[in-house]
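The values are calculated or read from the model by the stated rules, or taken from the named source; none is laboratory data. Owing to the predicted nature of the structure, the values given are computational and were not obtained by experimental measurement. Reconstructed Cβ throughout: ideal geometry from the backbone, glycine too, with neighbour counts over all protein chains shown. Keep in mind that these areas ignore ligands, DNA and RNA; they rest on the heavy atoms of the full protein, side chains included. Shrake-Rupley method; radii C 1.70, N 1.55, O 1.52, S 1.80 Å.
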There are 6 protein chains.
Amino acid sequence: MNQNQQQAFGKYATLVALTDAGTALGLMPEYKSFKVVTGKVGSMDLKKVISSVETAAKRNQLINGEVYRETHALYHAIIEAAEGVTRGKLSVGEVMRTVGLTFSVVRGRPYAEADEGEWIAVCFYGTIGAPIKGKEHETLGLGINHM
Amino acid sequence: MNQNQQQAFGKYATLVALTDAGTALGLMPEYKSFKVVTGKVGSMDLKKVISSVETAAKRNQLINGEVYRETHALYHAIIEAAEGVTRGKLSVGEVMRTVGLTFSVVRGRPYAEADEGEWIAVCFYGTIGAPIKGKEHETLGLGINHM
Amino acid sequence: MNQNQQQAFGKYATLVALTDAGTALGLMPEYKSFKVVTGKVGSMDLKKVISSVETAAKRNQLINGEVYRETHALYHAIIEAAEGVTRGKLSVGEVMRTVGLTFSVVRGRPYAEADEGEWIAVCFYGTIGAPIKGKEHETLGLGINHM
Amino acid sequence: MNQNQQQAFGKYATLVALTDAGTALGLMPEYKSFKVVTGKVGSMDLKKVISSVETAAKRNQLINGEVYRETHALYHAIIEAAEGVTRGKLSVGEVMRTVGLTFSVVRGRPYAEADEGEWIAVCFYGTIGAPIKGKEHETLGLGINHM
Amino acid sequence: MNQNQQQAFGKYATLVALTDAGTALGLMPEYKSFKVVTGKVGSMDLKKVISSVETAAKRNQLINGEVYRETHALYHAIIEAAEGVTRGKLSVGEVMRTVGLTFSVVRGRPYAEADEGEWIAVCFYGTIGAPIKGKEHETLGLGINHM
Amino acid sequence: MNQNQQQAFGKYATLVALTDAGTALGLMPEYKSFKVVTGKVGSMDLKKVISSVETAAKRNQLINGEVYRETHALYHAIIEAAEGVTRGKLSVGEVMRTVGLTFSVVRGRPYAEADEGEWIAVCFYGTIGAPIKGKEHETLGLGINHM
């Protein structure tokens, strides 16, 4: 892989979701300038998963909720991450599944060129399965978009 | 998240793909009994991505290529991971994209109960984008199946 | 494009949805023999969008609600138009989106050959976005089917 | 087609759904060692369709509901069969459709080699259409998975 | 299920694909007025599968290849049947799979009301799997459309 | 619909694709500050459709091909428009279809607030169908993204 360290903010977002912001920063200290928000959500309702991430990102000023382009950029990053979680179905409760997810949202400048501007990464990690404790396996998804 | 250490072999597979088998094992030493295969593949052809993982898994005896159920279990885990990489399209070259991926395949017994048997995890991590160097961003996918 | 004027009843349906039946007919007077129904629907519920079009088409005798083949033809045209609106997800509220749409349904004989019989076009035009006023952008979809 | 009699347990599952277990066994008596469960479900709610099959399979000991890998294997076979029923949408009520289905679940050893172990087939047959009696046509789906 | 015998031409098409036209007619003699075409196709190329059915239907005058509405009706029935075969992916070779299929196409009047006119059913039955003999399982798909 | 004139640059892009830039500007003169590029492409290869739009947009300086975020924004707008054209399949030649399309790409500031910045719209209008002249019907798609 020919990507350099600057670009790998998706890896950083994934490490945050898999472990926590402190551990991820210990492993990748060069990302300390990136803004990070984390949270948890468990639901059979994909709408609730989406709104949990949006609310966390707005409440923590990771995005400006007044500006639609920021909501739009985040929304599509969330949906792309959710495609990984649901693996091609983009449904949870409708197909009799429930999810228990930790999420991270990371915002920053992953490219060296100033013109590339800011980008956003959303990562979900947790479990998906039957709505019965233990009848589940792990799931993961990463979405990336330009702000 | 209420999953215990034994279950998180998908996290282990992801750490292998994000870093390498040695680093992942350093962070999660309790997974040393799990079989691991890794590899790299760059292509506009999803078929080549799939066959690279299958070939690596068979050549390294992670699965028994003579037994169809093992091929079947691996195939669906690969496809689920590819859904995360392509985020709902399951196409690469057909939609004018190219991927450069590191992959890991992990096999073992993530559940405490003997009846749960063996499971397999496939993780892809790398880049996806225009078929021009630098015109790309990161991508990730995880698939899990029972063997 | 090698299509002749007779075929372009999808363009006519689109102009009706973008403007209104009078304006569209002013621009394409040769379509005056085509039956037209229009309406508006705003919802987070795709089911309600579909049933609004069906109800309008039946109430205005654009289709015969007693004959299943007419319902079947219209239904698939609506779904195809909805694929354009939702751009590959075919979900609205489930993925935390709301739509505000104008729709047109046009029925007639777009081909010169009598054997080609009647066809139907459904066009949606409006907005899709977060369930907050102003946090949305335009969306469009066209579906065509033989009656 | 080069498949031999032993493999065609999907055909057997389909004949069970199209007719009944007795008729299917009369036509394919060599499948008497395969376990069979059947049932009926009518709904606009795909979740209810899925849970009806799961409940029938567990209640009749076709799968062991205590073992997650059995639930997981059955779930993916159900979803694959539902893809055939919904033909690429994996939605029922959300897109204003209702289904009336007979289902069969068949479990056994379709391959000659002992290593191939047990497999499961799920077949749905019935009607899909507008939520009005008579405004519907037939639909069918088959899913197959290793246990 | 409240469908009467007249409607079940999809069941008839399925029995033709699972067995042969003679056996199906023996089981369901009331369908002798329905036109039937059958064929076989093996390929990694979905395009070839589609064109094999179209060619067989035109060559045997099951549809009139000069009339676009007949081609259009058949095409969508084929695609719906292919959704069942590929179970939500609508790809074969691109995702490293091959199919070996028997197909049937049935045309007739399944509804008692004259206004419902002619309908078409397409059924595929066969195997899907790795492009290696024996590494495959059964697959099935049914598509239905009004002519 | 509560959208004001400033927002409707998707309607403007659609009118450009349905008619031509001059006619569209005559109908919506307030869009003269928006940059417009148009072109035509006919193919069974979706990759060629995508690259035709990308090449036209770069050659005419509608986007800066050196900046990845501009390529990324345009790419996703193209894919969303292609979802409308293909109505949920995102395939052309693989499913035995060919397209003949006129496309428009429009860039500008559709929102009153300066923070909303630039957005891009891509519209396709033309025909889709069997790879035989006349065996086709109209198709349309619109994609919108923030730059």
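Checked against the criterion of being assigned to a loop (DSSP other than H, G, I, E, B), open to solvent by 40 Å² or more (accessible area, probe 1.4 Å) and within 14 Å of chain E (Cβ to nearest Cβ), region D:19-34 contains one or more residues that satisfy it. Note on region A:28-56: residues that are over 14 Å from the mean Cα position of the chain (by Cα), of a type in the set (A, V, I, L, M) and more than 20 Å from A:GLY84 (Cα to Cα) amount to 1. Does A:VAL67 satisfy the condition of being touching an Asp or Glu at 6+ places or on another chain (Cβ under 8 Å) and at the interface with another protein chain (Cβ under 7 Å from one of its Cβ atoms)? Here the answer is yes, as A:VAL67 does meet what is asked. Residues that are more than 17 Å from the chain's Cα centre (by Cα) and either surrounded by fewer than 23 Cβ atoms within 10 Å (Cβ to Cβ) or in a helix (DSSP H, G or I) (or both) within region E:97-109 comprise just one, E:THR98.
Quick one: would you say C:HIS76 is within 13 Å of chain F (Cβ to nearest Cβ), within 30 Å of E:GLY108 (Cβ to Cβ) and in contact with a His (Cβ under 8 Å, 6 or more places away or on another chain)? Answer is yes for this residue.
So for region C:46-55 (the condition being touching a Lys or Arg at 6+ places or on another chain (Cβ under 6 Å), in contact (Cβ under 8 Å) with a residue 12 or more places away in the chain and open to solvent by less than 30 Å² (accessible area, probe 1.4 Å)), does at least one residue qualify? Checking region C:46-55: not a single residue is touching a Lys or Arg at 6+ places or on another chain (Cβ under 6 Å), in contact (Cβ under 8 Å) with a residue 12 or more places away in the chain and open to solvent by less than 30 Å² (accessible area, probe 1.4 Å). The residues of region E:63-75 that are of a type in the set (D, E, K, R) and not in a loop (DSSP other than H, G, I, E, B), listed by number, are E:ARG69, E:GLU70. F:LEU142: facing chain C (nearest Cβ under 9 Å), aliphatic (A, V, I, L, M) and over 10 Å from the mean Cα position of the chain (by Cα), yes or no? So F:LEU142 fails the test.
When residues in region D:79-88 are screened for being open to solvent by 10 Å² or more (accessible area, probe 1.4 Å) and more than 7 Å from every other protein chain (Cβ to nearest Cβ), 0 of them pass.
Conditions tested, residue by residue: (1) of a type in the set (S, T, N, Q); (2) touching a helix residue (DSSP H, G or I) at 6+ places or on another chain (Cβ under 6 Å); (3) not in a helix (DSSP H, G or I).
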{"residue": "F:TYR12", "(1), (2), (3)": "no, yes, no"}
{"residue": "F:VAL16", "(1), (2), (3)": "no, yes, no"}
{"residue": "F:VAL41", "(1), (2), (3)": "no, yes, yes"}
{"residue": "F:SER52", "(1), (2), (3)": "yes, no, no"}
{"residue": "F:GLN61", "(1), (2), (3)": "yes, no, yes"}
{"residue": "F:ALA77", "(1), (2), (3)": "no, no, no"}
{"residue": "F:GLU83", "(1), (2), (3)": "no, no, no"}
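Comparison of E:TYR68, E:TYR12 shows that the only residue that is crowded, with 22+ Cβ neighbours inside 10 Å and in contact (Cβ under 8 Å) with a residue 12 or more places away in the chain is E:TYR12.
Residues in region D:131-147 that are open to solvent by 20 Å² or more (accessible area, probe 1.4 Å) and of a type in the set (A, V, I, L, M, F, W, C): D:ILE132 alone. Out of curiosity, is D:GLY93 at the interface with another protein chain (Cβ under 8 Å from one of its Cβ atoms) and within 19 Å of the chain's Cα centre (by Cα)? Against the criterion (at the interface with another protein chain (Cβ under 8 Å from one of its Cβ atoms) and within 19 Å of the chain's Cα centre (by Cα)), D:GLY93 does not qualify.
For region D:105-142, a residue qualifies if it is out of contact with any strand residue (DSSP E or B) (no Cβ under 9 Å at 6 or more places or on another chain) and without any contact (Cβ under 8 Å) to a residue 24 or more places away in the chain, and the qualifying residues are D:GLU113, D:ALA114, D:ASP115, D:LYS133, D:GLY134.
Inside region B:109-126, residues that are within 13 Å of chain D (Cβ to nearest Cβ) and hydrophobic (A, V, I, L, M, F, W, C) make up a count of 4. Annotation note: Cβ proximity below 7 Å between a residue of region C:74-103 that is over 19 Å from C:ALA57 (Cα atoms) and a residue that is charged (D, E, K, R) and assigned to a loop (DSSP other than H, G, I, E, B) (sequence gap 6+ or interchain) occurs for C:GLU83/F:ARG87; C:GLY84/F:ARG87; C:LEU90/D:LYS89; C:VAL92/C:ASP45; C:GLY93/C:ASP45; C:VAL95/C:LYS89.
When E:ALA121, E:ALA114 are checked against the criterion of being open to solvent by 20 Å² or more (accessible area, probe 1.4 Å) and either farther than 24 Å from B:LYS89 by Cβ or touching a Lys or Arg at 6+ places or on another chain (Cβ under 7 Å) (or both), a single residue qualifies: E:ALA114. Of everything listed in (1) outside any loop (DSSP other than H, G, I, E, B); (2) within 10 Å of chain D (Cβ to nearest Cβ), the single unmet condition for E:LYS133 is (1).
Against the definition (more than 14 Å from the chain's Cα centre (by Cα), among the basic types (Lys, Arg) and buried (at least 18 other Cβ atoms within 10 Å of the Cβ)), how does D:ARG59 come out, yes or no? Answer is no for this residue. On the stretch given as region A:26-59, residues that are farther than 22 Å from A:ARG97 by Cβ and touching a strand residue (DSSP E or B) at 6+ places or on another chain (Cβ under 9 Å) total 11.
Any chance region D:89-96 includes a residue that's surrounded by fewer than 24 Cβ atoms within 10 Å (Cβ to Cβ), in contact with a helix residue (DSSP H, G or I) (Cβ under 9 Å, 6 or more places away or on another chain), of a type in the set (Ser, Thr, Tyr) and closer than 21 Å to E:ASN145 by Cα? Looking through region D:89-96, at least one residue is surrounded by fewer than 24 Cβ atoms within 10 Å (Cβ to Cβ), in contact with a helix residue (DSSP H, G or I) (Cβ under 9 Å, 6 or more places away or on another chain), of a type in the set (Ser, Thr, Tyr) and closer than 21 Å to E:ASN145 by Cα. Screening A:LEU62 against (1) farther than 17 Å from B:LEU140 by Cβ; (2) touching a residue at least 40 places away in the same chain (Cβ under 8 Å); (3) within 7 Å of another protein chain (Cβ to nearest Cβ); (4) in contact with a strand residue (DSSP E or B) (Cβ under 8 Å, 6 or more places away or on another chain) leaves a single unmet condition, (3).
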